[in-house]
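Here, each number is a calculation from the coordinates, and none is a lab measurement. The structure displayed is predicted, hence computed values, not measured ones. Here the Cβ is made from the backbone with ideal geometry for all residues, glycine too, and neighbour counts use every protein chain on show.
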Amino acid sequence: MVAAALSEISWVAIDPGDSRLSPAHIESVIRSRATALGITIKWLATNPLATGDARYGFLIAADYDLVALKAQVLTELQSETSPFEDELIAAIAGKEQGRLISFPSDINVFTKHTPLEITSRSAIEQVVAVGEELPADAVIETYGYVRPVLYEGKITLFVERQYNGEFAPIEKANPHECCGGAHAPY
Amino acid sequence: MCEGHSHHHDQTQAESVEMSPEFEISRRGVVKAVSALAGAAAIAPLGAAPAGATTRVEVAKQTTNKWKPNRYLLAGDHHIHTMHSPDATYTPLQQIKNGENNGLDWLVITDHGGTAHQKYAIDLISPEIAAARKQTSVHVFQGLEWNVPGAEHATVIVPPGRNTVDVLKKFEGMYDGSVLADLKKVTRATSTDGEPMAVEGLKWLQTQVQSGTIPMALMFANHPARKGLDSPHEVRAWRDTAPGIAVGWEGAPGHQMAAHPDVQAALKAIGSTTINGRGYYDNSPGADSFAGFAPTASENPYRTYGGYDWFTARVGGLWDSLLAEGKPWWITANSDSHSIFGSSLQGTHLVGGIPGNQDSAYYNTTGSYGAPVDSGAPINLYGDFAPGAYSRTIVGVAEKSYLGIMQSLKSGNIITTHGGIIDWADIRVTTDTDKQGVTIGGRTVAARGDSVTASITVKLASVVNSNGVIPQLKLVQLISGAVTGPVTDKDTIFAPQTTITESYTVNQTSGTVTFSHTWKNVQGDFYLRFRGGDGNKVDATGNPMMDVMGNASPWESLWFYTNPVFVTVLK
């Protein structure tokens with residue numbers, strides 16, 4: 001797949017304002033509002049906001065006019081236009097920092113893939129194994145959950161070796177939560 | 001102890017050390033013993049040595065943890081949960097007996113802080129612990145696993161006493177991140193807006209000590225790198241705010257069984273796709289994580305390395321960065337025991353019938369799950385060890401007492417072991433100026449140009465561990481680095497000058513081994529520490545490899561780590 005020109009994409013930034021909102025909740029609000037408006041989200045990203053009140057900002061891109069979507073999401077989140085929006089967009093467009101939730105891809109995330117399959121069939125530009133060279137014939141199991149990040153200017157899927165000799169992304173869908181997660185929403 | 005001896009000459013005489021170093025040392029020992037007894041600050045500030053002639057008093061003031069041939073070595077664990085946590089299984093007495101049966105001399109009960117814990121659980125557990133003390137020879141501390149506002153968890157230890165429960169309860173009510181989040185005083189337990197509350201909490205504890213309400217309090221950060229929450233500036237703020245209280249972190253987290261293949265098989269058997277990391281280190285950066293800990297192509301701070309937390313396992317990493325400031329920061333190793341691998345006991349309020357998956361809604365209205373019941377079969381979903389079964393924090397103490405144990409934890413006379421890889425280790429660092437030398441956690445002094453010799457004596461394992469074998473130590477490493485002084489950037493993560501200075505191969509299989517290293521003509525302050533292991537899963541540079549998700553048997557990479565010794569070169 002052609003390498004993503006993140007700078008040429010028209011991004012819309014959403015600052016959830018209230019940092020008590022979990023990223024999963026914000027994502028579901030964005031998705032349900034988009035569905036109601038008939039919008040198919042092409043790109044969806046998060047970025048931590050480096051302000052005192054730590055939270056994720058969200059970035060949306062699609063081949064639609066997103067003004068109405070943004071307005072509805074902000075209303076539902078009880079948030080408003082934020083001075084951090086430009087900063088969020090600059091970070092992702094400049095490929096400096098960010099984490100992708102949705103991106104162009106036709107890989108089946110419920111089957112196993114080689115690194116080449118992943119980079120040739122999705123916007124992911126490189127697959128990097130932490131601490132070792134990733135063999136070209138490495139088997140990567142994604143467990144239906146793929147969250148690449150911007151690393152050294154590229155959309156990067158970090159993977160690690162797991163129990164069966166195969167590789168898996170380092171970000172897990174359900175990491176261990178102490179106290180059943182009771183002490184922190186995320 | 002020689003506290004009865006006269007030592008008044010040391011207060012007034014100002015002779016050069018070089019004139020009679022041996023005499024110097026014997027006198028200094030006296031001074032140190034007395035000042036420790038009086039509860040005086042044990043650690044001299046960095047760079048305190050004035051220019052010009054060195055007096056014996058100055059030397060004495062700067063020397064801590066004087067090496068002595070005889071001391072008690074007491075194994076303990078400062079991180080243990082009971083049914084009074086929202087996610088743990090056993091009664092306090094069961095956990096205490098588990099520790100006793102595994103040879104522990106001291107332990108700390110640290111149930112999770114939180115609104116229900118503060119409101120109900122403390123009052124339930126306090127009499128249970130008091131009663132349990134009468135049924136055991138183990139020193140049982142009542143502590144707390146504090147949700148440090150804006151950060152990870154931490155053990156808080158207060159010695160038993162009239163005001164212990166009151167202080168713990170007030171502290172938790174005012175400064176626990178989870179309590180504060182419920183009160184909407186902070187955004188989340190871990191959100192950065194809570195950071196000042198952590199510092200306030202430590203100051204409050206300090207006030208309790210200074211006012212004599214409690215004689216001591218200690219704080220150790222738990223599983224510090226697990227979620228990237230303990231940023232370098234937070235750790236430095238804790239240490240610098242309350243240097244006698246915030247004294248260290250878990251060099252190795254608990255839950256060491258979590259990534260064992262048998263646990264992985266048990267997960268698969270119930271249809272789970274979860275793959276555990278060793279220590280349940282399976283996270284990735286979140287909104288409250290420190291950006292500097294983002295994974296790279298070469299390392300992932302969110303994983304363990306040889307069972308140790310990345311902050312500690314990485315040579316020249318965050319631990320070394322703290323030590324390179326010349327300030328104390330100690331490591332420990334604990335079980336974090338919630339639910340023990342292979343135990344047949346399970347709670348009576350399970351969600352979905354899955355052992356270990358407790359219904360916190362019930363806990364939140366009671367502060368207790370009540371005693372567990374026997375399921376009739378070993379439960380392999382559990383990822384923890386019993387206290388003392390795998391992880392040990394071994395302290396060298398002068399006095400077998402609650403305060404004696406806490407004084408040693410505070411002084412850094414601590415080594416950590418996994419899987420019984422060694423029985424014990426002793427370090428002695430001597431200089432031409434300080435011929436008696438100091439031991440683990442200590443600070444010795446040298447004149448410029450002195451030779452400094454560090455020796456480690458290791459008693460090789462003589463005891464069958466809980467995996468049924470006597471493990472074999474294969475390698476010992478000396479790690480050292482320059483003390484470069486306080487950092488200007490409080491978020492400094494690395495100390496590039498700290499390296500593995502020398503590696504030793506262990507060829508014998510029993511008895512004791514001693515390794516020594518001498519630095520000649522020393523010119524500047526430095527520190528040193530040791531670690532060693534079974535030689536498994538070590539990379540080409542001598543470092544432990546990252547533990548593999550779902551396939552990291554804790555028995556296949558065993559390490560011990562010592563705490564450091566500082567060498568101050570008199571200017």
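Annotations
- Only the Cβ atoms of Lys and Arg (+1) and of Asp and Glu (-1) were treated as charged; on that basis the dipole of segment A:112-169 about its Cα centre amounts to roughly 220 debye.
- For segment A:6-102, size of Cβ-based charge dipole, Lys and Arg +1, Asp and Glu -1, in debye: 340
- Farthest toward the positive end of the dipole of the protein assembly as shown, out of B:Phe171, B:Ala386, B:Ala398, is the Cα of B:Ala398, where the dipole comes from beta carbon charges about the Cα centre.
- Residue-count net charge about B:Arg133 - beta-carbon cut-off 14 Å; Lys, Arg +1, Asp, Glu -1: -1
- Extension gain (nm, one decimal) between B:Val464 and B:Tyr72, 0.36 nm per residue minus Cα-Cα: 139.0 nm
- Where only alpha carbons of segment A:112-169 are counted, the Rg and the Dmax (Å): 10.3, 31
- Taken over segment A:45-147, the convex hull of the Cα atoms encloses 146 Å³ per residue.
- 0 to 90° range, to nearest 10: angle between helix B:21-37 axis and chain B longest Cα axis: 40
- Reduced Cα scattering model of chain B, Debye log10 I(q)/I(0), q = 0.13 Å⁻¹: -1.39
- Pairwise Cα separations in segment A:6-102 fall into 5 Å bins from 0 onward with the following percentages, short to long: 2, 14, 29, 27, 19, 7, 1, 0.
- For the protein assembly as shown, with +1 on Lys and Arg beta carbons and -1 on Asp and Glu, the positive-most of B:Gly286, B:Gly376, A:Ala34 along the dipole: B:Gly376
- Take the Cβ atoms of B:Thr541 and B:Lys400, set R0 to 35 Å, and the FRET efficiency comes out at 0.30.
- Note on chain A: GNM, Cα springs under 10 Å; of A:Glu87, A:Glu125, A:Glu152, the largest mean-square fluctuation is that of A:Glu152.
- Helix B:92-101 axis, angle to chain B major axis (alpha carbon atoms, nearest 10°): 50
- Taking only the Cα atoms of the protein assembly as shown, the radius of gyration and Dmax are 26.7, 89 Å.
- Considering chain A at the alpha-carbon level, its Rg and Dmax are found to be 17.0, 48 Å.
- What the Cβ-Cβ distance of A:Thr75 and A:Arg121 gives, at R0 = 25 Å and to the nearest 0.05, is a FRET efficiency of 0.10.
- Ignoring lysines fewer than eight residues from A:Lys154 along the same chain, the ones with Cα atoms less than 19 angstrom from its Cα are A:Lys42, A:Lys95.
- The trypsin sites (Lys or Arg not before Pro) found in segment B:102-208 that occupy coil by DSSP, while having at most 10 further C-beta atoms within 10 Å, are B:Lys134, B:Arg162, B:Lys184.
- Reach of B:Lys185 by Cα under 29 Å, taken over lysines that are not fewer than 8 positions away in the same chain: B:Lys119, B:Lys169, B:Lys170, B:Lys203, B:Lys227, B:Lys490
- When A:Ser105, B:Ser339 are sorted by how many other C-beta atoms sit within 10 angstrom of their C-beta, beginning with the fewest, the order is A:Ser105, B:Ser339.
- Charging the Cβ of each Asp and Glu at -1 and of each Lys and Arg at +1, and nothing else, the dipole of chain B about its Cα centre rounds to 860 debye.
- Percent of alpha-carbon pairs separated by more than 18 Å within segment B:193-347: 64
- For B:Lys520, the aspartates and glutamates whose Cα falls under 18 Å of its own Cα, not counting residues fewer than eight places away in the same chain, are B:Glu18, B:Asp432, B:Asp434, B:Asp450, B:Glu502.
- Cα long-axis angle, helix B:195-210 against chain B (0 to 90 degrees, to the nearest 10): 60
- Here each label is just a point 7 Å from Cα along the line to Cβ, and for B:Arg162 and B:Lys185 those points are 2.7 nm apart.
- Computed lengthening from B:Ile500 to B:Ser516, 0.36 nm per intervening residue step minus Cα-Cα distance: 4.3 nm
- When the helices of chain B are scored as -39500 (n - 2.57) per DSSP H run of n ≥ 4 and the total is divided over every residue, the value at 222 nm lands at -6500 deg cm²/dmol.
- Most fluctuating residue given options A:Pro115, A:Pro83, A:Pro148, as computed from a GNM of chain A linking Cα atoms under 10 Å: A:Pro83
- Each of B:Ala461, B:Thr417, A:Pro16 was placed along the dipole of the protein assembly as shown (beta-carbon charges, centred on the mean Cα), and the one lying farthest toward the positive end is B:Ala461.
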